[in-house]
Amino acid sequence: MLPYVNGNVVGADEFLQEAPPFEKLVLSVRWLVRYKQENPRVQLRLAFFHNASLSDDALQVFAADMHEVGRDKLLPKVNAEKDGIALFIAGFGAEESDWLVFPDRRMILWRYWQTPIYGKPSLLKFGLANFDAKPCARVKNNFLHCVGAEISPEGILRH
């Protein structure tokens, strides 16, 4: 979403210039593209703020969440490649999950939402049983779950 300032949209030119490489990165993950083709109803949305997909604020939240779930070892990897990482959201509303895509097409499942009413978050081709989810750092409720699971470029969960 682009911000409004004094009734005008701000940053459209910057977005049009700097967001396409992040979109191209997400669309270069073959297994993800295949999954999307087989599941056209699943929404994928690219996060973009100013000139980055993984903003500094999002990185701070990610770091706190990974510390909370005991996945601090991911932080140096993410910090080293922050400017080239795409953050995207799969699903919609109470069925969302947040994913990081690295330039080499590795992915991390950061977190997902699961409510008692809907109960089925969009975890792409993976099921809930694949992940050891724990409460996140800043938002402590029964709906938001942090994971920090690594997925290979081929779509294989790494334990």
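The values are calculated or read from the model by the stated rules, or taken from the named source; none is laboratory data. Given the structure is predicted, the values throughout are model-derived calculations rather than measurements. Note that each Cβ is placed from the backbone with ideal geometry, even for glycine, and that neighbours are counted across all protein chains shown.
Worth a mention:
- Of residues in the stretch 52-77 being more than 15 Å from residue 137 (Cβ to Cβ) and in contact with a strand residue (DSSP E or B) (Cβ under 7 Å, 6 or more places away or on another chain), the one surrounded by the fewest Cβ atoms within 10 Å (Cβ to Cβ): 55
- For the stretch 127-148, the condition holds for no residue, the condition being that it is in contact with a Phe, Trp or Tyr (Cβ under 8 Å, 6 or more places away or on another chain) and within 23 Å of residue 23 (Cβ to Cβ).
- Restricting attention to the stretch 84-126 and to residues that are over 8 Å from the mean Cα position of the chain (by Cα), of a type in the set (A, V, I, L, M, F, W, C) and under 19 Å from residue 52 (Cβ atoms), the residue that is surrounded by the fewest Cβ atoms within 10 Å (Cβ to Cβ) turns out to be 102.
- Condition check for residue 104: touching a residue at least 40 places away in the same chain (Cβ under 8 Å), acidic (Asp, Glu) and under 19 Å from residue 152 (Cβ atoms): yes
- Qualifying position, being in contact with an Asp or Glu (Cβ under 8 Å, 6 or more places away or on another chain), under 23 Å from residue 156 (Cβ atoms) and charged (D, E, K, R), among 134, 36: 134
- Within the stretch 121-154, the set of residues being basic (Lys, Arg) and part of a loop (DSSP other than H, G, I, E, B) comprises 125, 138, 140.
- Scope the stretch 1-50; condition of a type in the set (S, T, N, Q) and at pLDDT 80 or above; matching residues: 6, 28, 37, 39, 43
- Hits in the stretch 86-107 (condition: of a type outside the set (D, E, K, R) and farther than 15 Å from residue 36 by Cβ): 87, 93, 94, 100, 102, 103
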